[in-house]
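What follows is a set of notes on a single structure, which appears directly below.
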Amino acid sequence: MSEGAAQQGRRRLGPWVLALALLTLMGALRVWQLDLDPPEVVVPGYRGQAHFRDEPAKAHEARNQAKFGSWRLSEADEYGFWRIQSPAWVYGECLWFRVFGVGVLQARAFVVVHALVTLALLFWLALIRRGPVAAIAATGLLGLNWAYLVYSRLALMEGALLAWLLVASVALSQMERRPERAPAWSALAVLGLLVACLVKQTGLLLVPAFCVALPWLGWRAARATSREVDPSWTELLRRPQLWSALLGVLVTGVVLAVFLLNPEYQERLAFNAEHFTGAQKKSVTVLGRASKLLARGLFSNRIRLMFMVFAPVMLWLATLEIARVGGGVVQRWRARRRERKGKAVAPTPVDEAGLRGSIDAMDLWMLAWLGLGLAANLASPHRAIRFQLVMLPPAAYLAAGMVARAWAHEWPRVWLGHGVRAGLVVLGLLGAGTTGARYGLWLSEGESSAADMGGELEALIGDRHAVVVGEFAAQAVFETDYWHFYVRPRQFNTSPEVIHALGITHLVLEERDFVERQLKKSTPELLTGRRRLGSIHFRGRDLEVWELLTEAEREQRALDQERERQEAADERRRDAEQARRKRAMQRREAAQKADGKLDGKADGRSAQPGKLGPLNPRAKPRSSAEPIQ
């Protein structure tokens, strides 16, 4: 083998070795101490508890099916929430649980795999579009973003959503790069988008842009493979590249229509839209609320947090690339306008690798993705990290494009080019160092309470059938064989009939637990006679574990209480009767004493009428037969 061939082989192998090294690093950051609880505050300024509250909720139905063989453990359970609106997520996670078992680590590993697929696809997309510098930058910007790093270690839907959106994006890119195989890539793009939409309804945001991009790329692929220089529409429609793309749009519409026409799916969609925009009041519409929030969003604290705290380097570099792309679009539009008027168009210097490079289909697709994601988040009052994660992959791709172009640009001064490259390296090292410092601090101070609390709960309840509820009961029972139902005020499982039908046996409660408040309101009789078993630890707090009385025990308790009440009533009647008799006796004795006194007085008056008695009490009364001296 010649030296040139060897060098060429090393050049071809280089990007893949680099990709393997990067993905190994990204994977290690995500699997190391995977059982660790996420930080209390992931990004300053962002409120919300999804990162430590929502993991078992998203896995509720998949856990039920994998562990107990049923999606719902009771016909009365009203929490059939995710299987209707996110079947791709629920069925996929259920299959994962069947293969690897049900547990906190398994649920998180399911998302970690999706995150690594996301990073690998982004690396490849940036590599084939912009080169190795862009591939390194894109993977580093997304993979080391602190919010994405934390959330890609958690069992939340966003990790799978981003992976399937990247599948669709790569397929769209390949339609342009490999026009002869456009039909196959078109099918993959449709599959990726549909799965993303069925993982989480956030994917619906990209449907309008996708239904424009797919036929447009199909049309370009048909032109590229046509033998005619200027093919007609009839000729293009005969090409599989175009009609397969049109068929893909039709399939996308039909599949989504099947779900959108389902009343249960409509109910979930309406609920999510109201929750996302904060339009829960009947007097406020979702569109009206979203429009007002969007109008104020550009000047709100939400966008400042995005650019200053959430993903500052990524979003600022992406903004520069958007400005470059926008300038290129305007310049191209002006040139075509001058051509239509017959005016001469001055040639512009083109440096495809540099800042003057032309824009392509992926630039426009990523720009649309980022724009729709940003608009949706500005139309929401929530500063929630999980909502804003959808913006990160397109922002990372556009930012990496700017880095690669600035790196390869032919600067007018050599020192200027060196300075730009050095600045980009320093910026990357600072970002990586900040994430590394946060990661190390988290590892040193973190705990694994979510993964450990199941064993603590089993030690208190024991080996028996149990139905456990409470605000954080889902985390506690996740790795156990106990049943769990969600009780949430004003949403589901709140009526007395439903609560009784669930057969609740135990409570796991924190201080001021809303589940306890709901039970006191709906079924206070369930809480009577409960026994405290102990407490378990969760995220720096102690959760009290209570055992409720069984139905038989409650009935027996009710009988005992009724008997006690009857006995108490009988005792009160006896006491009252005795008191009555005593008072009657006292009255008789008083009356007898009074009669005795009256008799004594009457005797005295009959012995010497008109006088009170003898003057000398010692004098003996004289007999009537005694003669008077």
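The values are calculated or read from the model by the stated rules, or taken from the named source; none is laboratory data. Note that this is a predicted model, so its numbers are computed, not measured. Here the Cβ is made from the backbone with ideal geometry for all residues, glycine too, and neighbour counts use every protein chain on show. Just the protein is used for accessible areas: all its heavy atoms, side chains included, with ligands, DNA and RNA removed. Shrake-Rupley method; radii C 1.70, N 1.55, O 1.52, S 1.80 Å.
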- Message: Nearest 10 degrees is fine. How inclined is helix 449-461 to the longest principal axis of the chain, computing both from alpha carbons?
- Response: 30
- Message: Quick check: from the Cα gyration tensor, does region 1-158 come out rounded (a/c under 1.5), prolate or oblate?
- Response: prolate
- Message: If I take all pairs of Cα atoms in region 34-75, what percentage of them are more than 16 Å from each other?
- Response: 53
- Note on the structure: Computed on Cα atoms, the radius of gyration and Dmax of region 448-552 in angstrom are 12.7, 38
- Rounded percent of accessible protein surface that carbon and sulfur make up, the chain, 1.4 Å probe: 60
- Task: For ALA584, put the label point 7 Å out on the Cα→Cβ axis and report which residues of region 547-571 keep their amide N under 19 Å from it.
- Result: 571
- Dipole in debye (nearest 20) - region 257-321, about Cα centre, beta carbon charges: Lys, Arg +1; Asp, Glu -1: 380
- Query: What's log10 of I(q)/I(0) for region 125-257 at q = 0.12, 0.18, 0.21 Å⁻¹, Debye sum over Cα points only, no solvent?
  - Reply: -0.54, -0.99, -1.17
- Note on the structure: Scalar couplings 3J(HN,Hα) for region 220-233 by Karplus 6.51 cos²θ - 1.76 cosθ + 1.60 (θ = phi - 60°), nearest whole Hz, x for Gly and Pro, are 5, 5, 5, 5, 5, 9, 6, 7, 7, 5, 10, x, 7, 4
- Debye log10 I(q)/I(0) for the chain, one point scatterer per Cα, at q = 0.05, 0.07 Å⁻¹: -0.36, -0.58
- Would you calculate the separation in nanometres between label points at VAL255 and ARG541, each defined as 7 Å from the Cα along the Cα-to-beta-carbon direction? 4.1
- Note on the structure: For the chain, the longest principal axis of the Cα atoms and the Cα long axis of helix 240-260 enclose an angle in degrees, to the nearest 10, of 10
- Item | FRET efficiency, ARG512 to ARG554 (Cβ-Cβ, R0 35 Å, nearest 0.05) | 0.85
- Hey, what number do you get for the chain at 222 nm if only DSSP H runs of n ≥ 4 count, each worth -39500 (n - 2.57), divided across all residues, to the nearest 500? -22000 deg cm²/dmol
- Taking DSSP loops as anything outside H, G, I, E and B, show the longest stretch in the chain free of chymotrypsin sites (Phe, Trp or Tyr not before Pro) there with at most 15 other beta carbons within 10 Å. 300-629
- At a Förster distance of 45 Å, what's the computed FRET efficiency of ALA501 paired with CYS211, Cβ-Cβ distance as r, to 0.05? 0.50
- Item | Within region 367-387: backbone nitrogen closer than 19 Å to the ALA295 label point (7 Å, Cα to C-beta) | 375-382
- The ³J(HN,Hα) series, computed from each phi in region 525-540 with the Karplus coefficients 6.51, -1.76 and 1.60 at θ = phi - 60°, rounded to the nearest Hz and given as x for glycine or proline, is 5, 5, 8, 6, x, 5, 10, 7, 8, x, 9, 10, 9, 8, 6, x
- Message: Suppose all protein chains stay in the model; what accessible area per residue would a 1.4 Å probe give for region 448-552, in Å²?
- Response: 43
- By its C-alpha gyration tensor, with a ≥ b ≥ c as the square roots of the eigenvalues, how is region 367-410 shaped: rounded for a/c under 1.5, else prolate for a/b larger than b/c, else oblate? prolate
- Table column - 3J(HN,Hα) (Hz), region 415-429, Karplus curve with 6.51, -1.76, 1.60, x for Gly and Pro: 4, 5, x, 4, x, 5, 5, 5, x, 5, 5, 4, 4, x, 5
- Rough spin-label spacing in nm, given labels placed 7 Å along Cα→Cβ, for ARG336 and GLU410: 2.8
